[in-house]
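Working notes, beginning with the structure itself.
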Amino acid sequence: MRPVYDAVVVGAGPYGLSTAAHLLGRGLKVAVFGKTLDMWRHHMPKGMLLRSHWWATNLSDPRKDFRFDRFFEDSKYEKCYPLPIAAFIDYGLWFQQRAVPDVDETFVSSIERQDDAFVIRLVDGRESVSITTPIDRQNSTGSPLDWSRILQTTGTSAASKDGTSS
Ligand SMILES: Cc1cc2nc3c(=O)[nH]c(=O)nc-3n(C[C@H](O)[C@H](O)[C@H](O)COP(=O)(O)OP(=O)(O)OC[C@H]3O[C@@H](n4cnc5c(N)ncnc54)[C@H](O)[C@@H]3O)c2cc1C
């Protein structure tokens, strides 16, 4: 039996995690696939310093419970500029454990539309289904999805808009 979700998030970077946090916050059944902060942990220069300030580098959750200032209270890090990449990675992992605890670190190999669903195939052969066309369909909780609002609230998520070092 293939698990069925209201939404599937492909990717567990800052934007994927923030999107998932908002979808979960709306009570939806959500699957998240990808390796948590993979790009930050494995594909960025070691010892890099972020150009973005810590206060402009929050990941986004619906109740703003997991912002950077809260992480500083919970960790060994102190507010500083520039922020070392290790601090951002640890913040991202801290966020993920609290806001999006169930990340499936398997990669997606394909996504296929089948009638009113998307079939998501994973590299290990598993399949899941995401119900589709949320504009006019109902989610598994029975209430209609307002995707424009969901996307709006996640639009400011993740890394800063102005001072990135990329
Ligand atoms: C050198 C460098 C420096 C940067 N500095 C800054 C900075 O200082 N401040 C800032 O705000 N931004 C910075 N950025 C930009 C920042 O990295 C990106 O904006 C951000 O990481 C994008 O997040 P994302 O959620 O889209 O996913 P990404 O971080 O790009 O991660 C991709 C995710 O997708 C997953 N994935 C990939 N393929 C699959 C698949 N087939 N199935 C499932 N999952 C998959 C990966 O495992 C990972 O979880 C920098 C970028 C670079 C390259």
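The values are calculated or read from the model by the stated rules, or taken from the named source; none is laboratory data. Not measured: the values here are computed from a predicted model. A quick note on method: Cβ atoms are made from the backbone with ideal geometry, for glycine too, and the neighbour counts reach across all protein chains shown.
For the stretch 23-43, give me each residue that is away from the ligand (no atom under 13 Å from the Cβ) and buried (at least 20 other Cβ atoms within 10 Å of the Cβ).
Correct list: LEU23, LEU24, VAL30.
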ILE85 crowded, with 18+ Cβ neighbours inside 10 Å, β-branched (Val, Ile, Thr) and more than 18 Å from the chain's Cα centre (by Cα): yes
Tally, over the stretch 76-114, of residues that are under 17 Å from THR36 (Cβ atoms) and polar (S, T, N, Q): 3
Qualifying residue in the stretch 44-55 (condition: surrounded by 14 or more Cβ atoms within 10 Å (Cβ to Cβ), closer than 30 Å to LEU122 by Cα and within 14 Å of the ligand (Cβ to nearest atom)): yes
Looking only at the stretch 101-117, and only at residues there that are part of a loop (DSSP other than H, G, I, E, B) and more than 9 Å from the ligand (Cβ to nearest atom), the one that is surrounded by the fewest Cβ atoms within 10 Å (Cβ to Cβ): ASP115
Answer residue from the stretch 118-128, given it is within 22 Å of the chain's Cα centre (by Cα) and outside any strand (DSSP E or B) and is nearest to the ligand (Cβ to nearest atom) among those: VAL123
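Given the options ARG98, ARG70, ARG63, name the one that is touching a Phe, Trp or Tyr at 6+ places or on another chain (Cβ under 8 Å), modelled with pLDDT of 95 or more and away from the ligand (no atom under 14 Å from the Cβ).
The match here is ARG98.
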